[in-house]
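Bear in mind these aren't lab numbers, they're just calculated from the coordinates by the rules spelled out. On a predicted model such as this, the values are computed, not experimentally measured, just so you know. Every residue, glycine as well, gets a Cβ built from its backbone with ideal geometry; the counts of neighbours run over all protein chains shown.
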Amino acid sequence: MLLIIYVALAIIVLLIVLVVFAAFDVTIYLKVEGGRVDQYFTIKWMGLSHKFKNKNKKSAKKEKKETKKEKTETKPKKEKKKSSIGISVWFRVIKTVQRPVIRFIEDIFRTVKFRKISCNLTYGFSDPGDTGMLSGFLYALKGLFSKRCSIFDFSIYPQFQDEVFDLHVLTNIHFRISSLLFAVLRFVTNTKVLGAAWFIFKEWRKTKPSTNI
């Protein structure tokens with residue numbers, strides 16, 4: 001009985017070591033267009049490969065909503081106030097964590113091999129100033145990635161008159177979890193990052209509607 005336990009523990013330890021130290025090859029595909037989201041990612045590890053695919057379930061959700069509407073036609077409708085964190089709040093957060101993010105990206109570049117990056121982004125916000133600010137940030141990222149990726153195609157199309165968000169991304173990366181641990185831990189324990197996370201949480205709480213019974 002003890003021998004079986006020791007063998008099982010040895011196998012578990014061996015698997016953990018292999019997961020942490022063996023190399024992963026990951027391909028990620030993401031397409032956001034007209035409210036539809038299509039995505040998949042493929043993981044290759046030690047000769048094994050698996051594809052995770054998430055199809056858009058918008059049509060199924062729409063059908064469920066229509067059936068619910070038919071059932072609740074006679075019931076009085078209550079207007080709900082929709083609220084979310086504004087884009088200006090996100091830009092404030094980006095400014096706060098700018099240095100930790102740049103250092104984190106540099107650490108990632110040292111540990112992750114980007115074999116291919118293809119990105120096509122069309123975007124626009126209600127405030128043209130926010131669109132312009134995001135453009136500057138994205139062009140800075142483009143400069144960082146272009147020097148460290150063998151196959152790189154990054155196209156951005158800011159729209160200053162329309163509100164739109166269409167994204168098409170295909171990327172392939174090669175990494176080891178053991179190499180990423182230090183970079184991730186240094187980023188998430190940074191005081192500015194923790195402060196920004198707390199600030200986002202407080203802003204999110206403000207947007208929640210009060211439920212006074």
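Extension gain for residue 139-residue 166 works out to 8.0 nm (0.36 nm per residue, less the C-alpha to C-alpha distance). Quick check on my link table: of 95/206; 116/202; 142/202; 95/208, which ones sit more than 30 Å apart, alpha carbon to alpha carbon? Pairs exceeding the cut-off: 116/202; 142/202. Kirkwood Rh over alpha-carbon pairs of the range 129-213, then Stokes-Einstein at 25 °C and 0.890 mPa s: what D in µm² s⁻¹, rounded to an integer? Roughly 143 µm²/s, to the nearest whole number. Note on residue 174 and residue 8: the model spin-label points, each 7 Å out from Cα along the C-beta direction, lie 3.8 nm apart. Between residue 33 and residue 202, the FRET efficiency estimated from the beta carbon spacing at R0 = 35 angstrom works out to 0.60. Remark: the range 151-162, residue by residue, has Karplus-estimated 3J(HN,Hα) of 10, 9, 9, 10, 10, 10, 10, x, 10, 8, 10, 10 Hz, where x stands for each Gly or Pro and the curve is 6.51 cos²θ - 1.76 cosθ + 1.60 at θ = phi - 60°. Other residues with beta-carbon under 12 Å from the beta-carbon of residue 156 carry, at +1 per Lys or Arg and -1 per Asp or Glu, a net charge of -1.
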